[in-house]
Amino acid sequence: MRGYFLSIEGTDGSGKSSVANLLKEEIEKNGFEVILTREPGGSKIGEQIRDILLSKENSELSKKCEALLYASSRAQHVDEVIRPNLLDGKVVISDRYVFSSLAYQGYSRELGIEDVMDINKFAMGDVYPDRILFFDIEPEVSIKRRFNDSVADRIEQEGVLFQNKVYNGYMESIKLYPENVSIIDARLTIDEVFNRCIEIIRGDLDEALSSNNSR
Ligand code: TYD
């Protein structure tokens, strides 16, 4: 595939979304076309699935149904948005992707990281991120940030214990699938976090460009 696929991961309120917007602007300044998208969602059908997943009314949603809905939303997102844009040579940035399912459904909901990876392999097909940036920040700190600026959704209401588990889930998932993962210290200021991300992405894009040129 000709483009570059970046996913940004972290516990709720880790600052991913703000940095994703800055990265989009910066990469565009360097002459690339950038698609910024998110999960769950990212397509019309995906956004409908997101509504089911995040609705406070759906407290009876079973763990397996939840994992499969996240994977379904991902399959639609890949087929409709991510793969076509990568084939077109664009940079695609997704705010959350498969590592969210590994950490939240696989580890925190105790479905098993590897089993959740298996259902997601079917959903993703050949579309795996060229780079996964994990925003590393203690849940106590990130939850405080989050509750300051938005209303809690169903998942966030489960609070800090759940977020701690999610954080451990990310760590375990990274141990199992370290390929293409970079851990970013997200306790730093937004500028510092942004600079660290850009350094990594520049390295990747330079490498991709020079290998294309030498073909
Ligand atoms: P969102 O409001 O987008 O949160 P954030 O701004 O933190 O990304 O809500 C997405 C929620 O869905 C978030 O709590 C993480 C959860 N999630 C999963 O549990 N599994 C997944 O595969 C994905 C993509 C998200």
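Using the empirical formula 2.2 N^0.38 Å as the baseline, the Cα radius of gyration of the chain reaches a ratio of 0.98. Straight-line cross-link partners of K16 among the lysines, defined as a Cα under 17 Å from its Cα and at least 8 positions apart when in the same chain: K24, K144. Hydrophobic long helices, here whole DSSP H runs in the chain with Kyte-Doolittle means of at least -1.0 and Cα atoms spread over 27 Å or more along the helix axis, are found at 190-213. Charges were assigned to the Cβ only: +1 to each Lys and Arg, -1 to each Asp and Glu. The resulting dipole of the chain about its Cα centre is roughly 180 debye. Placing a label point 7 Å from the Cα of E60 along the Cα-to-Cβ direction, no residue of segment 100-124 has a backbone N closer than 16 Å. Here the mean projected area of the convex hull built on the C-alpha positions of segment 18-103 is 6.2 nm². Counted without the sites themselves, the longest stretch of the chain free of GluC sites (Glu not before Pro) in a DSSP loop having at most 15 other beta carbon atoms within 10 Å is 111-178.
When only Cα pairs below 8 angstrom with a gap of at least 6 residues are kept, segment 4-213 shows a relative contact order of 31 percent. Accessible surface comparison of F122, F99, F32, probe 1.4 Å, protein chains only, largest first: the order is F122, F32, F99.
Is the C-alpha gyration tensor of segment 61-134 telling us rounded, prolate or oblate? Criteria: a/c under 1.5 is rounded; beyond that, a/b larger than b/c is prolate, otherwise oblate. Taking the square roots of the gyration eigenvalues as a ≥ b ≥ c, segment 61-134 is prolate. Per-residue SASA remark: I52, around 80 Å² accessible (1.4 Å probe; ligands, DNA and RNA not included).
The values are calculated or read from the model by the stated rules, or taken from the named source; none is laboratory data. Just so it is clear, the model here is predicted, and its values are computed rather than measured. Neighbour counts are summed over all protein chains in view; Cβ atoms, including those assigned to glycine, are modelled from backbone coordinates with ideal geometry. Remember, those area values only see protein heavy atoms, side chains included, never the ligands or the DNA or RNA. Shrake-Rupley method; radii C 1.70, N 1.55, O 1.52, S 1.80 Å.
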